Amino acid sequence: MSRPKRSILPLMSIPAPHDSIFGQLEAFGHKKVVYCSDPDTGLRAIIAIHDTTLGPALGGTRMWAYKTEQDALHDVLRLSKSMTYKAAIAGLNLGGGKAVIIGDSRKDKTEALLRKFGRFIKNLNGEFITAEDVGTNPRDMEYIRMETQHVMGVPESIGGSGDPSPIAALGVFMGIKASVKEFYGNDSLTGRTIIVQGIGHVGENLVRLLRDENAKVYASDINEDAVAHVVKKYGAEAVSNNTIFEIDADIYAPCALGATINTQTIGKLKCNIIAGSANNQLEDEQVHGKMLLDKGILFAPDYVINAGGIINCYSELMGFSKKRTMQLTENIYEATRNVLKLSKAENISTIEAANKIAEKRIADIKKVKSTY
Ligand code: NAD
């Protein structure tokens, strides 16, 4: 049987979760996948290390009640691959990894489970470093820290960098400004209209930054209380989650879950720019990246503009400095501009342009490391 040629960072349609495990690993180009099982604590987790050319693989641990083990594997492979790209394009010396714990974070999370998970990370001897993600928080990282040093995003009270969400939101804000500059010729957000979908940790901070610059914000979330909060606190306007794709706004900022950009929603979208924090916003990179290009909608690739979270962790790893973290996060403006310029110059989708820049950096550094 001929095996697919291994490319570390292919631009492609994402393999389906029902593909064979090794088929998926080859298609995504992973270096290592570790299954963590501990019946005593109920731990069932998967750690995926995608690429470590630039440095140790850093990525959050997501706790989610996946319907099937295949879904969990597929998610961790997809997410860890985009961490490789994210670190590369942000100029960090980090590789890409991610972990998922299968379970309901509200019911199944215990100190013992997290500490056992920490021991699995410890056994990787620094090849993988984790942080929080959906379903985990700084307190959970503190439990993992009791077993291993290879965890970031621990509370400030014990020397960590704390919640990365405000920095993540700042990065997204910079990406939005760079996109507005490209589309409209100047980067002022005053009077621009923006739909923020998902008023969680990042979404709320983003609403604050946007309102500080007098943008008009439409806020949407399945949690009505979260929307009511930003309406009251920042003067956003509440909109129903069902109608957001029909709103005639300048920008759509997806800050909830991934894959909201698909054939159906692209057909409806009226905005000029898509720029938000959610990971893996395009259901299919190749197909939907191209559809957006053809429709003239500027898509700021998610992993380029939501790198603030990983930058925060990187700073913690290097010895946290608020000033340095802010500088690196503000660089997202330039990184986004570079992606948009390449997309325009080569008439390729913005995601393809971003992938090219990330791949080039990894390939260049790989050569450096292969010489004496
Ligand atoms: P969060 O869990 O705090 O907030 C997510 C919000 O989205 C919640 O309020 C939830 O009710 C809402 N939501 C869920 N499904 C929805 C739907 N179908 N429609 C509308 N709203 C919905 O998460 P967060 O930390 O704010 O992260 C948001 C996104 O940004 C995630 O995709 C995350 O992976 C990504 N991200 C977060 C960070 C970070 O530092 N927190 C960094 C990079 C990327």
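Derivation of every value follows stated rules applied to the coordinates shown; laboratory data play no part. Everything numeric in this text was worked out from a predicted model, so none of it was measured. Using ideal geometry, Cβ is built from the backbone for each residue, glycine included, and neighbour counts are taken over all protein chains shown.
Take the Cα of ALA363, step 7 Å toward its Cβ, do the same at GLU224, and the gap between the two points is 5.3 nm.
Per residue of the chain, what 222 nm ellipticity follows from adding -39500 (n - 2.57) for every DSSP H run with n ≥ 4, rounded to the nearest 500?
-14000 deg cm²/dmol
Taking Lys and Arg as +1 and Asp and Glu as -1, the other residues whose beta-carbon sits under 15 Å from that of GLU156 total -1. To the nearest 0.05, what FRET efficiency results for GLU246 and LYS341 with a Förster distance of 35 Å applied to their C-beta separation? Approximately 0.65, to the nearest 0.05. At q = 0.16, 0.17 Å⁻¹, work out log10 I(q)/I(0) for the range 165-359 with the Debye formula, treating every Cα as an identical point scatterer and leaving solvent out; two decimals please. Calculated log10 I(q)/I(0) at the listed q: -0.96, -1.09. If we count every other residue with Cβ under 14 angstrom of GLU182's Cβ, Lys/Arg +1 and Asp/Glu -1, where does the sum land? Taking every Cβ under 14 Å from that of GLU182, the sum is +3.
Spin-label pair SER20-GLU330: with each label point 7 Å from Cα along the Cα-Cβ axis, the two points sit 5.3 nm from one another.
Separation of the range 127-176 and the range 61-76, taken as the distance between their Cα centroids, equals 20 angstrom. Spin-label pair GLU237-ARG106: with each label point 7 Å from Cα along the Cα-Cβ axis, the two points sit 3.2 nm from one another. Would you kindly calculate the translational diffusion coefficient of the range 119-240, applying Stokes-Einstein with the Kirkwood radius from alpha carbon pairs, for 25 °C and a viscosity of 0.890 mPa s, and quote it in µm² s⁻¹ without decimals? Stokes-Einstein gives a translational diffusion coefficient of 151 µm²/s. Taking the square roots of 5 times each eigenvalue of the Cα gyration tensor of the chain, largest first, gives ellipsoid semi-axes of 30, 24, 21 Å. Loop-located trypsin sites (Lys or Arg not before Pro) across the range 63-118 with a Cβ neighbour count of 14 or fewer within 10 Å are LYS67, ARG106, LYS107, with loop assigned by DSSP.
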